Ligand SMILES: Nc1ncnc2c1ncn2[C@@H]1O[C@H](COP(=O)(O)OP(=O)(O)OP(=O)(O)O)[C@@H](O)[C@H]1O
């Protein structure tokens, strides 16, 4: 896949505080790219730098091969940005808000009307077009905010923690919309501190912690590279680990044991054979432990992803 966005050796400081420390990554056109990290990791700062809202002090950011620092008009055309803070006029209707934001992108007349209808349909709010925004739930406001960033048909949509504090219905709408946009070829950059959102939506991701890039790549690559491989078993007799040199660590878990090893499938086969041959007690349960981003984060940082 072709690269649409390239970040090289980006560092950002606020006073003496280094909030991004030599980070580099690139994003393929049409992918959904997750920026995962705890609060304060530097996700919002990265996004503001990508849109040109913040100036790049050192390093470079290129969108479609153009430097964001010098190609501001191009960036405005191809990027839609949905900040964490909802920015809407509460006393105006959803439609009037979109008329205002469309005007900022130079849209008007029939074209603007058509785009407003499309984005309201995409966000599931067409029937609320004439209602005042102040009557909307937090999730509906968020959806109007996303709608406003889509009016000019951007090639890249940047969403900063769009599901924080919203209702499940709006969350589902947002997820559905992201999938449809990605299928239509829009590149999505999505920040969150919820790992399950990255697992559900993103094909590629970067994990940020304390301003450092601690892992990046496709979701399956990262899970494969960094997560501990293990088998979970429940059997009557405590397993004699010494009989299995492949087992690197045994940890009690629920009713059974987690057996860490490099080749979980071959360990499973051996255990099943040995149980069938009566060498170990009968196995009441045996399963491959599913690697998760939570495990990856823990193994890379030694801490759980803080879920404030
Ligand atoms: N304008 C600013 N001036 C000074 N420090 C800032 C500014 N913006 C962000 N920071 C600091 O930079 C660090 C990274 O913040 P950032 O908002 O990018 O993190 P984040 O990963 O998006 O976290 P959150 O989920 O809380 O938004 C934090 O320590 C924050 O206090």
*Of the conditions (1) within 8 Å of the ligand (Cβ to nearest atom); (2) in contact with a helix residue (DSSP H, G or I) (Cβ under 8 Å, 6 or more places away or on another chain), residue 51 fails just one. Which one is it?*
(1)
*Filter result for residue 233 (in a strand (DSSP E or B), within 16 Å of the ligand (Cβ to nearest atom) and touching a strand residue (DSSP E or B) at 6+ places or on another chain (Cβ under 7 Å))*: no
*Name the residues in region 191-200 that are more than 13 Å from the ligand (Cβ to nearest atom) and surrounded by fewer than 19 Cβ atoms within 10 Å (Cβ to Cβ), would you?*
196, 199, 200
*Just checking, which of 188, 146 is in a helix (DSSP H, G or I), in the same structural domain as residue 65 (by TED's automatic domain parsing) and more than 16 Å from the ligand (Cβ to nearest atom)?*
146
*residue 59 is checked against (1) under 20 Å from the mean Cα position of the chain (by Cα); (2) surrounded by 15 or more Cβ atoms within 10 Å (Cβ to Cβ); (3) within 16 Å of the ligand (Cβ to nearest atom) and fails just one. What number does that condition carry?*
(1)
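So if I check each of 40, 59, which one is on the phi > 0 side of the Ramachandran plot, out of contact with any helix residue (DSSP H, G or I) (no Cβ under 8 Å at 6 or more places or on another chain) and assigned to a loop (DSSP other than H, G, I, E, B)?
Working: 59 fails: assigned to a loop (DSSP other than H, G, I, E, B).
The match here is 40.
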*asked:* Can you confirm whether residue 124 is in a helix (DSSP H, G or I) and touching a residue at least 24 places away in the same chain (Cβ under 8 Å)?
replied: no
*Residue among 150, 159 that alone is surrounded by 15 or more Cβ atoms within 10 Å (Cβ to Cβ), under 18 Å from residue 99 (Cα atoms) and at pLDDT 95 or above*: 150
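Can you confirm whether residue 215 is in contact with a helix residue (DSSP H, G or I) (Cβ under 7 Å, 6 or more places away or on another chain), in the same structural domain as residue 164 (by TED's automatic domain parsing) and not in a loop (DSSP other than H, G, I, E, B)?
On the way: in contact with a helix residue (DSSP H, G or I) (Cβ under 7 Å, 6 or more places away or on another chain): yes; in the same structural domain as residue 164 (by TED's automatic domain parsing): yes; not in a loop (DSSP other than H, G, I, E, B): yes.
Yes, satisfied.
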*Look at region 149-168 and say how many of its residues are within 16 Å of the ligand (Cβ to nearest atom) and not in a loop (DSSP other than H, G, I, E, B).*
3
_Checking residue 218 against (1) crowded, with 20+ Cβ neighbours inside 10 Å; (2) within 12 Å of the chain's Cα centre (by Cα), only one condition comes out false. Which one?_
(1)
*asked:* Anything in region 166-194 that is closer than 22 Å to residue 75 by Cα and under 16 Å from the mean Cα position of the chain (by Cα)? List them, or say none.
replied: 178, 181, 182, 186, 187, 188, 189, 190, 191
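Return the residue satisfying two criteria in turn: it lies in region 260-302 and is over 30 Å from residue 215 (Cα atoms) and touching a helix residue (DSSP H, G or I) at 6+ places or on another chain (Cβ under 9 Å), and of such residues it is surrounded by the most Cβ atoms within 10 Å (Cβ to Cβ).
So in region 260-302, the residues over 30 Å from residue 215 (Cα atoms) come out as 269-286.
Narrowing further to those that are touching a helix residue (DSSP H, G or I) at 6+ places or on another chain (Cβ under 9 Å): 274, 279-283, 286.
Numbers: 274: 16, 279: 12, 280: 22, 281: 14, 282: 11, 283: 18, 286: 17.
Across region 260-302, the extreme among qualifying residues is 280.
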_Given (1) touching a residue at least 40 places away in the same chain (Cβ under 8 Å); (2) in a helix (DSSP H, G or I); (3) surrounded by fewer than 17 Cβ atoms within 10 Å (Cβ to Cβ), number of the condition residue 103 does not satisfy_ = (1)
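Within the group 86, 27, which residue is part of a loop (DSSP other than H, G, I, E, B), in the same structural domain as residue 131 (by TED's automatic domain parsing) and away from the ligand (no atom under 11 Å from the Cβ)? Lay out the reasoning, then the answer.
Numbers: 27 fails: part of a loop (DSSP other than H, G, I, E, B).
Being part of a loop (DSSP other than H, G, I, E, B), in the same structural domain as residue 131 (by TED's automatic domain parsing) and away from the ligand (no atom under 11 Å from the Cβ) holds for just one of 86, 27, which is 86.
Taking the stated definitions as given, is residue 250 free of Cβ contacts under 8 Å to residues at least 24 places away in the same chain and surrounded by 14 or more Cβ atoms within 10 Å (Cβ to Cβ)? Steps first, please.
Values: free of Cβ contacts under 8 Å to residues at least 24 places away in the same chain: yes; surrounded by 14 or more Cβ atoms within 10 Å (Cβ to Cβ): yes.
It is true that residue 250 is free of Cβ contacts under 8 Å to residues at least 24 places away in the same chain and surrounded by 14 or more Cβ atoms within 10 Å (Cβ to Cβ).
The values are calculated or read from the model by the stated rules, or taken from the named source; none is laboratory data. Because the structure is predicted, anything quoted here is derived from the model rather than measured. Ideal geometry is used to build each Cβ from the backbone, glycine not excepted, and the neighbour counts take in all protein chains shown.
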